[in-house]
Amino acid sequence: MISISMSTISKKITASDPSCHIPEWELKQVNQSNPIDMYIAEKMKMSENQGHGRFMSRSIRKLLRLSETYMKCARRFMRPASAHICVILCDRALECMLKAIYMKQHHGNLPPPTLTFLDVIQLAGDDPVQELELAMFVHAIHFLAGCEDAALLQQVNLPQMQQLVQKVEDTLGRLSERV
């Protein structure tokens, strides 16, 4: 007759349900000489990693789609009368892209609510000159988006708005290579 303790049965039942989470210290308590316990422990670690990977990839895809949506909206507001709205939407698109890169580089960890200048430099790339240029551009857009003084953007004409949106799209294209 085989003797199995209730705690082992409980662990197996919990381990068979991937939505349940077993802490690492409990997995270490599994009897390593029992092949069934070893198999269940291995499957739990795999399902936990796959669940985290799915969450990360789904979150990154959502951030990328959101970035595209903001840019589509920014193109619609590409008029001198709505320059501030266009800049705000461009800022949001850049922020979503940078947060997607942050999640990718930090293995799914959630990004902070606001990215610092240093964060942007680290996320920008490998070339120090391009990193600094890109970080300065991103923060200039962020400054303009947060600026409450309407006088800064009142003198903007259509060709300048088109250049600004094109520069944001080019920047998003360079950043998307890092995702």
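The values are calculated or read from the model by the stated rules, or taken from the named source; none is laboratory data. Just so we're clear, the structure is a prediction, and the values are computed from it rather than from any experiment. Glycine gets a Cβ as well: all are built from the backbone with ideal geometry, and neighbour counts include every protein chain shown.
Couple of notes before you dig in:
- Residue check for V179: in a loop (DSSP other than H, G, I, E, B) and in contact with a Pro (Cβ under 6 Å, 6 or more places away or on another chain): no
- Within segment 135-159, residues that are of a type in the set (G, A, S) reach partners that are surrounded by 14 or more Cβ atoms within 10 Å (Cβ to Cβ) and modelled with pLDDT under 90 with beta carbons closer than 6 Å, at six or more positions or on different chains, in the pairs A135/V120; A135/I121; A135/A124.
- Of the residues in segment 48-58, at least one is more than 29 Å from T116 (Cβ to Cβ), at pLDDT below 90 and polar (S, T, N, Q).
- Residue count for segment 113-129 under the criterion of being of a type outside the set (A, V, I, L, M, F, W, C), surrounded by 11 or more Cβ atoms within 10 Å (Cβ to Cβ) and in a loop (DSSP other than H, G, I, E, B): the result is 2.
- Failed criterion for K45 (all others in (1) in a loop (DSSP other than H, G, I, E, B); (2) modelled with pLDDT under 85 hold): (1)
- Answer from L89, L110, L94, L98 - the residue that is outside any helix (DSSP H, G or I) and of a type in the set (A, V, I, L, M, F, W, C): L110
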